Amino acid sequence: MAKRTKRFIVIGGGLAGLAVTMKLCEAKAEVLLVSYQAVKRSHSVCAQGGINAAIDTKGEGDSPEIHFYDTVKGGDFLAHQPPVRDMCFQAPAIIHLMDRLGVPFNRTPEGHLEFRRFGGTLYSRTAFSGATTGQQLLYALDEQVRKHEHDGLVTKMEWHEYLGAVLDADGVCRGAVLHDLRTGAIFSEGGDAVVLATGGPSQVYGKTTGSTVCNGAAAMSAYLQGAKYANGEFIQIHPTAIPGQDKLRLMSESARGEGGRIWVPRQAGDPRDPLTIPEGERYYFLEENHPLFGNLVPRDVASREIHDVVYNQKLGVGGKSMVYLDLTHHTEEYLEDRLGGILDIYQKFTGDDPKKVPMKIFPAVHYSMGGIWTDYEDDGHGLIDHKSPRNQMTSIPGLYAAGEADYQYHGANRLGANSLLSCIYTGLMMGPGLINYSKNLTRHYEDIPTTVFSQARLNWEGRFQAIKKMKGKENPHQLHQELGEVLLAHVMIVRENSKLEKAIIQISDIETRFSDIQCLDTSDWANPEPSFVNQLHLMIHLAKIIAKGALVRNEFRGAHYKPEFDLKQPPKFDPHEFVDYLEQQQYGETDESAFPPDHQAYMKRFEENNKRWLKTTIAQIKNNQPEISYESVNTSLVTPRPRKYD
Amino acid sequence: MMEALIQLKIKRQDSPDSKPYWEEFTLEHKPSANIISCLQDVARNPVNRSNQTVPPVVWESNCLEEVCGSCTMVINGRVRQACTALVDQLQQPIVLEPMSKFPLIRDLQVDRSRMFENLKKVQAWIHIDGTHEIGVGPTIPEKQRDKSYVLSECMTCGCCLEACPQFTLTNNFMGAATFSQVRLFNMHPTGAMEKEERLEAVMGEGGIAHCGNAQVCVEVCPKNIPLTESIAEIGRQTFLQLLKNLFLK
Ligand SMILES: Cc1cc2nc3c(=O)[nH]c(=O)nc-3n(C[C@H](O)[C@H](O)[C@H](O)COP(=O)(O)OP(=O)(O)OC[C@H]3O[C@@H](n4cnc5c(N)ncnc54)[C@H](O)[C@@H]3O)c2cc1C
Ligand code: SF4
């Protein structure tokens, strides 16, 4: 008998989707690769700044272990530690692989990989390729996958939309229901497993730094089918974006990595040309408040500081919600070489040349630390067992998630340049486990009654027919904008329970209005409207998860800042005191006088708070609402301690 | 050129084999508006100038910052990305048309899969032994890296092909973007190992010999890729290959 060929369905051709496809093809499996558009146009191309790996080519003494520590600390200790540590230990090999695939990484004078600094670390750990690192990484993987396509292992279904998983009678995922975005046909496909590498959900906020297809719909579809969704309330607000009508374009953290300084005039509403304002009259608030990390404090810290300067101290440039990001102290040649691409974007969209005048920027929604819950299996030594089929599996057997779509690597706040890493890492790492999952199956999709597939298809056909019949008064695009406005107003940098309660009521109003939507186009050919209505429905569910998760989590952790529950770290506190404090407890020799009384009291508060809240948030659908529960976090490798970046 | 209203004139077509028609929209002017935000505004209120409610315009977009290549269309007669087309820098009424060198899907959306097929023909990839850990990549001088980088920024948008007189809807000319990718991969220390196969591919049908040297490709490339340089370089490489073939045969 001929050997059975394994067949997988990968949804999404960003970094994560392409990486896993490449890995599966190497193991001679067939892959059906599905994407809204040509995979080469996936959102990953947007990433500008770089990708982290502790290769230490500058002799700074960096190591994967420090990378691991910086990442879990950056995430306020909310991430499970073994997967993060494994990622950091794999990072150097990933960079070398991408280099071998032809990514034009910037070089040192000797021709080795160049690294720059990024936020949340004191080391030069970020490899980069001009100012379009994501694009370059994506192209390299796209080319490898094109080769496998050429060789017949990959079948691409671009211009196709994933609608949902095909689940058999035991709740095991056996395939996917797909929607041809040109003909409008809906059909099911079988596979040994389905991987959701569908990216982030930032479109739920309307205007963000993300791309138009970052809608989180696939993740929400899994959630409606029973999958757990984790840490939804942890949304990263990037401190530096360019205001715009259609999108808030990112000004990469690499601008600060290359020495960019954030400031406002000390005098409120100062009308002078910024270049004429003397140094002494400029308020470099990040440098003054955080002398050690300066402009490279993590994103959550920087966004909060900008928010404070603009709204509490009322020092925004020209009285508006803007601060300066200044690179004008560098030569034009240097800036062109290191940051050319992103400075071009600024100039193209604002008309100003950032090599000559300081940029005007403001925080914007950027990234979701939360995502579909996924599993892992550690090897008992603080790393991951790469052969385990549990790695990256969602709570639905046979349904996997990778890349920004999963929740596992960034805790309560992601460090810059760690996402490209986690996307490629998850894609590559999960390959062997997927192969083993397929090997271990006693029944394959071919053995499942065909009615399971046809029923799944019929359900979705019915759903789309019903959407096309919606003839109400509400415009779906308008409603989407309003949904985003609710979240922007109430679930942003500073969170208050009264506002979050308001958000929940307003989202529920939008949900009610959703049933009165008009589907703006009912034709069959290349009609994006019914899909959009379906996506909006899914985004409303995500908004509910984010708002409710934020409301019930009564603490301040990472990107989730609730001033009411700020533990108020004493100014001179040193995080190592806490480690000593815990050690003393462990050895039963508590010496109250060893610490200043306010430190002692703070550490007690911190300990109590962690007992209650150092937990993964889990959302599951129940009666159309997210039911929130908590799971413990694996902190077996580094003791969680207070964060400090001064 | 700040005006209170924006006038849009869009060439629409419901399907590949239906007739095209023009439709006009009047929109409120907003600060820093671009063509994308205009089309989004149309979707929020899809009423044309004759006050008829119509289906929203269909177009392709994703990154909105000119790195994905999706939203390429012909704006006031010039092929470019809709995201970087700022309304205040455009003559009104603003005329939007789909690219004409690729099969039309609907309205402003076309099918550019031919470009990706060409990348397969020329093996636009690097052959590796495997993805397993086998150490560092080749040492590359920064100057050479810089040259590759410029070529590697090609986002397969198709502007160069839309503008090229040799590239038509029905022939099989590969066009500047593909030749430039051949140059990119032939330049890489590992990529160069398959140099001959790539050159053979562009020496055949639809290859470099059909380039008419009109030089318009380089003028419209949004990424300022030195396409004429790439064409000249691939011309040179294929010529040498040809000699080699003659000599060896
Ligand atoms: C402006 C910007 C700059 C950034 N810069 C950096 C940086 O410098 N460093 C860093 O580490 N991170 C950065 N990030 C974050 C990083 O880019 C993303 O997290 C990462 O690229 C996500 O990759 P992915 O593979 O998970 O998904 P994506 O690249 O988003 O791809 C998702 C894929 O899924 C497909 N898809 C989604 N839903 C469906 C569906 N229902 N049906 C069919 N197909 C579907 C899409 O078509 C696409 O192919 C940046 C993000 C932004 C917004
Ligand atoms: S070479 Fe330039 S114009 Fe041609 S496809 Fe590439 S980016 Fe577009």
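The values are calculated or read from the model by the stated rules, or taken from the named source; none is laboratory data. Predicted, not measured: the structure shown is a model, and the values here were computed from it. Here Cβ is always computed from backbone atoms with ideal geometry, including for glycine, and neighbour counts include all displayed protein chains.
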A:ALA489 away from every other protein chain (no Cβ under 12 Å), surrounded by fewer than 20 Cβ atoms within 10 Å (Cβ to Cβ) and not in a loop (DSSP other than H, G, I, E, B): yes
Pairing a residue in the range A:269-292 that is assigned by TED's automatic domain parsing to the domain that holds A:SER303 and under 21 Å from A:LYS314 (Cβ atoms) with any residue that is among the hydroxyl-bearing types (Ser, Thr, Tyr) and at pLDDT 95 or above, where Cβ atoms lie under 8 Å and the two sit 6 or more apart in sequence or on different chains, gives A:PRO274/A:TYR324
Just to be sure I understand, how many residues within the range A:152-165 are among the charged types (D, E, K, R) and more than 10 Å from chain B (Cβ to nearest Cβ)? 1
Checking the condition over 17 Å from A:GLY130 (Cβ atoms) and surrounded by 15 or more Cβ atoms within 10 Å (Cβ to Cβ), which residue from A:LEU343, A:LEU286, A:LEU335 passes? A:LEU286
The condition from (1) farther than 15 Å from A:ILE11 by Cα; (2) touching a helix residue (DSSP H, G or I) at 6+ places or on another chain (Cβ under 9 Å); (3) among the acidic types (Asp, Glu) that A:GLU158 misses is numbered (1)
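Hey, among A:SER35, A:SER42, which residue is in contact (Cβ under 8 Å) with a residue 40 or more places away in the chain, away from ligand 2 (no atom under 16 Å from the Cβ), within 14 Å of chain B (Cβ to nearest Cβ) and in contact with a Cys (Cβ under 9 Å, 6 or more places away or on another chain)?
A:SER42
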Which number in (1) within 17 Å of the chain's Cα centre (by Cα); (2) away from ligand 1 (no atom under 16 Å from the Cβ) marks the one condition that B:THR156 misses? (2)
For residues in the range A:1-32 being away from every other protein chain (no Cβ under 14 Å) and charged (D, E, K, R), which is farthest from A:ALA218 (Cα to Cα)? A:LYS3
A careful count of residues in the range B:52-67 that are at the interface with chain A (Cβ under 7 Å from one of its Cβ atoms), among the β-branched types (Val, Ile, Thr) and in contact with a helix residue (DSSP H, G or I) (Cβ under 8 Å, 6 or more places away or on another chain) gives 1
In the set B:PRO56, B:PRO31, which member is surrounded by 19 or more Cβ atoms within 10 Å (Cβ to Cβ), more than 21 Å from the chain's Cα centre (by Cα) and part of a loop (DSSP other than H, G, I, E, B)? B:PRO56
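Would you tally the residues in the range B:165-188 being away from ligand 2 (no atom under 14 Å from the Cβ) and of a type in the set (Val, Ile, Thr)?
2
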Any residue at all in the range B:145-160 that is within 13 Å of another protein chain (Cβ to nearest Cβ), in a helix (DSSP H, G or I), away from ligand 2 (no atom under 16 Å from the Cβ) and surrounded by fewer than 16 Cβ atoms within 10 Å (Cβ to Cβ)? yes
Could you tell me which numbered condition B:ASN213 fails, if it satisfies all but one of (1) modelled with pLDDT of 95 or more; (2) away from ligand 2 (no atom under 12 Å from the Cβ); (3) polar (S, T, N, Q)? (1)
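Residues checked against (1) more than 14 Å from ligand 1 (Cβ to nearest atom); (2) surrounded by fewer than 20 Cβ atoms within 10 Å (Cβ to Cβ):
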residue	(1), (2)
A:ASN391	yes, no
A:TYR400	no, no
A:GLN408	no, no
A:SER419	no, no
A:THR426	no, no
A:LYS439	yes, yes
A:SER454	yes, yes
A:ALA466	yes, yes
A:LYS473	yes, yes
Any chance you could count how many residues in the range A:166-213 are in a loop (DSSP other than H, G, I, E, B), within 10 Å of ligand 1 (Cβ to nearest atom) and away from chain B (no Cβ under 14 Å)? 2
Among the residues in the range A:622-629, are any surrounded by 12 or more Cβ atoms within 10 Å (Cβ to Cβ) and assigned to a helix (DSSP H, G or I)? no
In the range A:130-140, anything closer than 19 Å to B:ALA124 by Cα, of a type outside the set (Phe, Trp, Tyr) and at the interface with another protein chain (Cβ under 10 Å from one of its Cβ atoms) is listed as A:GLY134, A:GLN135, A:GLN136, A:LEU138, A:ALA140
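Yes/no per residue for (1) within 7 Å of chain B (Cβ to nearest Cβ); (2) assigned to a helix (DSSP H, G or I); (3) touching a Ser or Thr at 6+ places or on another chain (Cβ under 8 Å):
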site: A:ARG85; (1), (2), (3): no, yes, no
site: A:CYS88; (1), (2), (3): no, yes, yes
site: A:PRO92; (1), (2), (3): no, yes, no
site: A:ASP99; (1), (2), (3): yes, yes, no
site: A:GLY102; (1), (2), (3): yes, no, yes
site: A:GLU110; (1), (2), (3): no, no, yes
site: A:LEU122; (1), (2), (3): no, no, no
Residue, farthest from ligand 1 (Cβ to nearest atom), within the range B:59-85, restricted to residues that are touching a Cys at 6+ places or on another chain (Cβ under 6 Å) and not in a loop (DSSP other than H, G, I, E, B): B:VAL79
When A:TYR367 is evaluated against the numbered criteria (1) under 21 Å from A:THR208 (Cα atoms); (2) surrounded by fewer than 23 Cβ atoms within 10 Å (Cβ to Cβ); (3) in contact (Cβ under 8 Å) with a residue 60 or more places away in the chain; (4) under 25 Å from the mean Cα position of the chain (by Cα), which criterion, by number, is the only one it fails? (2)
Output for the range A:294-327, where each listed residue is touching a Phe, Trp or Tyr at 6+ places or on another chain (Cβ under 8 Å), assigned to a loop (DSSP other than H, G, I, E, B) and crowded, with 21+ Cβ neighbours inside 10 Å: A:VAL297, A:PRO298, A:LEU315
Those residues of the range A:214-248 which are among the hydrophobic types (A, V, I, L, M, F, W, C), within 14 Å of chain B (Cβ to nearest Cβ) and either part of a helix (DSSP H, G or I) or out of contact with any strand residue (DSSP E or B) (no Cβ under 8 Å at 6 or more places or on another chain) (or both) amount to A:CYS214
Going through (1) more than 24 Å from the chain's Cα centre (by Cα); (2) under 29 Å from A:PHE77 (Cβ atoms) one by one, A:HIS444 fails only at (2)
For the range A:560-594, give me each residue that is touching a residue at least 12 places away in the same chain (Cβ under 8 Å) and farther than 27 Å from A:ASP300 by Cβ. A:ALA594
Could you check how many residues of the range B:34-46 are buried (at least 24 other Cβ atoms within 10 Å of the Cβ) and at the interface with chain A (Cβ under 7 Å from one of its Cβ atoms)? 1
Hey, among B:ARG78, B:ARG49, which residue is surrounded by fewer than 19 Cβ atoms within 10 Å (Cβ to Cβ), more than 10 Å from chain A (Cβ to nearest Cβ) and either under 20 Å from the mean Cα position of the chain (by Cα) or among the polar types (S, T, N, Q) (or both)? B:ARG78
